[in-house]
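I have placed the structure first, in the form of structure tokens, so that the comments after it can refer back to it.
The values are calculated or read from the model by the stated rules, or taken from the named source; none is laboratory data. Nothing here was measured: the structure is a model prediction, and the numbers come from that model. When we count neighbours, we look across all protein chains shown, and the Cβ atoms used for this are built from the backbone with ideal geometry, even at glycine. To get the accessible areas, we keep the full protein, side chains included, count just its heavy atoms, and leave off ligands, DNA and RNA. Shrake-Rupley method; radii C 1.70, N 1.55, O 1.52, S 1.80 Å.
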2 protein chains.
Amino acid sequence: MSELSERDCVPCKAGVPPLKGEALADWQMKLGNGWEIVNEHHLEKSFAFKNFREALAFTNRVGALAEQQRHHPDIGLSWGRVKIAIWTHKTDGLSESDFILAAKIDQIT
Amino acid sequence: MSELSERDCVPCKAGVPPLKGEALADWQMKLGNGWEIVNEHHLEKSFAFKNFREALAFTNRVGALAEQQRHHPDIGLSWGRVKIAIWTHKTDGLSESDFILAAKIDQIT
């Protein structure tokens, strides 16, 4: 878990297929609770907050991390809730960098 | 258009039914381009930006407005795009305040 969050997202290499099946299951075991792999396509997790202001503050922390890692999730912000979706757009599927970003996001909640 | 954005969102009164049919159409005519009424339930509009940083900055402007108006839309933030959805949760439908918030959001793009 800590190992994963200490790594950096890397640009996806051309021709590398997205992770599927057992490879995905192995990666999921390294992640924290609450992350769901949806359709072997993206990672998803909802984070609860006590009001809008705190949800917006988390959105900004995720935004700063995304810019630093040059890897940008989809962020769904609503009152008291932030829903994160992560995938690798170049391959329209999951890569190691997606799991690294997820682990890093868990560390800034 | 300018009139609408100059008004303030008001808390929904109990027992006031959501706007439907012609009443909705009348309100939509007062709104700027790009807003869609979805299933007579919520307003939706996508805003395009040249990068993630500008989309996040807009998210923060919308967040500040939402706090000021005490009316919070759902905000979908992704690279170069912000998708706003507005409705009145208390009646699970649309009210005048939703159109006022939409007009105010158009003014801070």
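Accessible surface for residue B:31 stands near 20 Å², nearest 10, in the context of the full protein assembly shown (1.4 Å probe). Between copies, how close do the residue A:50 label points come, placed 7 Å along Cα→Cβ, listed in nm from shortest? Between copies, matching label points for residue A:50 lie 4.1 nm apart. The Rg/Rh ratio of chain A, with both radii computed over alpha carbons and Rh defined as the Kirkwood radius, is 0.96.
With all protein chains kept in place, the per residue accessible area of the range A:5-44 amounts to 69 square angstrom at a probe of 1.4 angstrom. Of all chain A residues, the one whose Cβ lies closest to the rotation axis that maps A onto B, given with that distance rounded to whole Å, is A:76, 3.
Helix A:52-69 and the longest principal axis of the C-alpha atoms of chain A enclose an angle of approximately 30°. For the residue pairs B:50/B:83; B:30/B:90; A:20/A:83; A:20/A:45; A:50/B:50, alpha carbon separations beyond 21 Å are given by B:30/B:90; A:20/A:83; A:50/B:50. Near residue A:75, once Lys and Arg are set to +1 and Asp and Glu to -1 for all other residues with Cβ below 12 Å from its Cβ, the sum equals +3.
With the cut-off at under 20 Å, measuring from each backbone N in the range B:63-78 to a point 7 Å along the Cα-to-Cβ line of residue B:6 picks out B:69. Between copies, the label points of residue B:6, set 7 Å from Cα on the Cα→Cβ line, lie 6.1 nm apart, reported in increasing order to one decimal in nanometres.
For peptide B:66-74, the mean count of partner chain Cβ atoms within 10 Å of a residue's Cβ comes to 3. Within 10 Å of the Cβ of each residue in A:52-61, the mean number of Cβ atoms contributed by other protein chains is 3.
The Cα center of the range B:42-109 and the Cα center of the range A:83-109 differ in position by 25 Å.
Scaling against 2.2 N^0.38 Å puts the C-alpha radius of gyration of the range A:1-63 at 1.37. Estimated from helices alone, the mean residue ellipticity of chain B at 222 nm is -12000 deg cm²/dmol (sum of -39500 (n - 2.57) over DSSP H runs with n ≥ 4, per residue). Give the relative contact order (percent, whole number) for chain B; include only Cα pairs under 8 Å separated by 6+ residues. It rounds to 40 percent for chain B. Restricting the GluC sites (Glu not before Pro) of the range A:9-109 to loop positions (DSSP other than H, G, I, E, B) with no more than 16 neighbouring Cβ atoms within 10 Å leaves A:40. For chain B, the longest principal axis of the alpha carbon atoms and the long axis of helix B:96-106 meet at an angle near 20°.
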